[in-house]
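Undergrad: Have a look at the structure that comes next, please.
None of the figures in this text is laboratory data; all of them are computed from the coordinates on show. Just so it is clear, the structure is predicted and the values come from calculations on it, not from any experiment. Here the Cβ positions follow ideal geometry from the backbone for every residue, glycine too, while neighbour counts run over all protein chains shown.
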Amino acid sequence: MSEVLFTSTATAKNGRDGHVKSDDGLIDLNLVNPAKNKSDKGSNPEQLFAAGYAACYDGALNHVAREQNKTVDSETTAEVSFLKDSADGGFKIAVKLNITMEGVSPEEADELAEAAHQFCPYSKATRGNIDVELNPTVK
């Protein structure tokens, strides 16, 4: 196993219709399944995954840009979709990463987006398991 730099911990109770809380209390959310319940307020696992993936990917993008001596101003929005899995009748997720960059050409944006996808820990963790679409654009 690689050297552990830090560990984050959260506990969920009662699944998609329950509650999730981080050990430090910064995340303390009711969970609502939007496929079944559109009226109650709360988060869901896909929203939490989208937040984490967007932050991780945008950090990776800025890292690879620095490594290539490029200066970018970037913003990443992760769209995480909850899908019916026709292969086994269960469910799966898919991700679309909408990446906006300033300071590079469209060709450089495409190259940086792919390099970040190779470097990002979330991308590494999901590679081959879920569909991830990269959608880089330049302002």
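Undergrad: In the range 121-136, what residues are in contact (Cβ under 8 Å) with a residue 12 or more places away in the chain and surrounded by fewer than 12 Cβ atoms within 10 Å (Cβ to Cβ)?
TA: Residue satisfying the conditions is Glu133 alone.
Undergrad: How about the range 26-139: which strands (runs of 3 or more DSSP E) wholly inside it have at least 1 residues that are among the basic types (Lys, Arg) and out of contact with any Ser or Thr (no Cβ under 7 Å at 6 or more places or on another chain)? Break it down stepwise before answering.
TA: Values: elements: 28-30, 73-84, 91-102, 131-138.
In the range 26-139, the matching strands (runs of 3 or more DSSP E) lie at 73-84, 91-102.
Undergrad: When the residues of the range 64-88 are narrowed to those that are of a type in the set (Val, Ile, Thr) and in contact with a Gly (Cβ under 7 Å, 6 or more places away or on another chain), which ends up surrounded by the most Cβ atoms within 10 Å (Cβ to Cβ)?
TA: Val72
Undergrad: Here's a follow-up. Take Thr100 and decide whether it is surrounded by fewer than 16 Cβ atoms within 10 Å (Cβ to Cβ) and within 21 Å of the chain's Cα centre (by Cα).
TA: No: the conditions fail for Thr100.
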